[in-house]
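Some notes on the structure that comes next.
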Amino acid sequence: MSFKNRDRLIYGNRKGWKCELCGRKRSDGYRLEFHHRLPRSAGGSDEIENAELLCIECHYLRHLELEEKGIGHNSANTVLARLISIGLRWDKSKK
C-alpha cells in the first residue's frame, strides 16, 4: 500500500508540484516521487502527513541518508535502479 491517489493530487497541488528539497518542477520535465518521511519498515504510515514530494535524485539522496542512520534496507538501491532505468544520471554537483 502507498499514499492514496486523491491525497497525492491534493498534496502535489499544495506543494506546486516541485521537489521539496531542490525546487525542481514537474512542469520543467522532472520526475517527482512521493517519499515516506518515516519508512513503513520503521513504523511509518501511508497517511499523506508522512509524505515528502521529491525529484527522483533527491529521493535517492533521502534514502541514502536514512540508510546512514540505520533506517531502511537497501531502499536507496531501489531508487537508484529507477534512476538508471529512466536514463537519468545523478550529478551531485547540481546540489
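The values are calculated or read from the model by the stated rules, or taken from the named source; none is laboratory data. What you see is a predicted model, and the numbers here were worked out from it, not measured in a lab. Backbone-built Cβ (ideal geometry, glycine too); neighbour counts: all protein chains shown. Side chains included, ligands, DNA and RNA excluded: accessible areas come from the protein's heavy atoms. Shrake-Rupley method; radii C 1.70, N 1.55, O 1.52, S 1.80 Å.
Which one, 9, 60, 42, projects farthest toward the positive side of the charge dipole computed for segment 1-65 from Cβ point charges (K/R +1, D/E -1)?
Result: 9, furthest along the dipole toward the positive end.
How large is log10 of I(q)/I(0) for segment 1-71 at q = 0.20, 0.24, 0.27 Å⁻¹ when the intensity is taken from the Debye formula with one equal scatterer per alpha-carbon?
-0.82, -1.09, -1.25
State, to one decimal in nm, how far the label point of residue 25 lies from the label point of residue 64, with both points 7 Å from Cα in the Cβ direction.
Here the modelled spin labels are 2.7 nm apart.
What aspartates and glutamates does residue 4 reach when the alpha-carbon gap must be under 15 Å and sequence neighbours fewer than 8 apart in one chain are set aside?
Candidates past the 8-residue exclusion: 33, 46, 47, 49, 52.
Whenever you get a sec, compute what percent of the accessible area on segment 1-64 sits on carbon and sulfur atoms (1.4 Å probe). Before the final figure, lay out each step's value.
On the way: 1700 of 3640 Å².
Result for segment 1-64: 47 percent of the exposed heavy-atom area is carbon or sulfur.
Taking the highest mean first, how do the peptides 2-14, 29-41 order by number of other beta carbon atoms within 10 angstrom per residue? If you can, show how the numbers build up before the last one.
Details: 2-14: 12.8, 29-41: 15.8.
With the highest mean Cβ count within 10 Å placed first, the list reads 29-41, 2-14.
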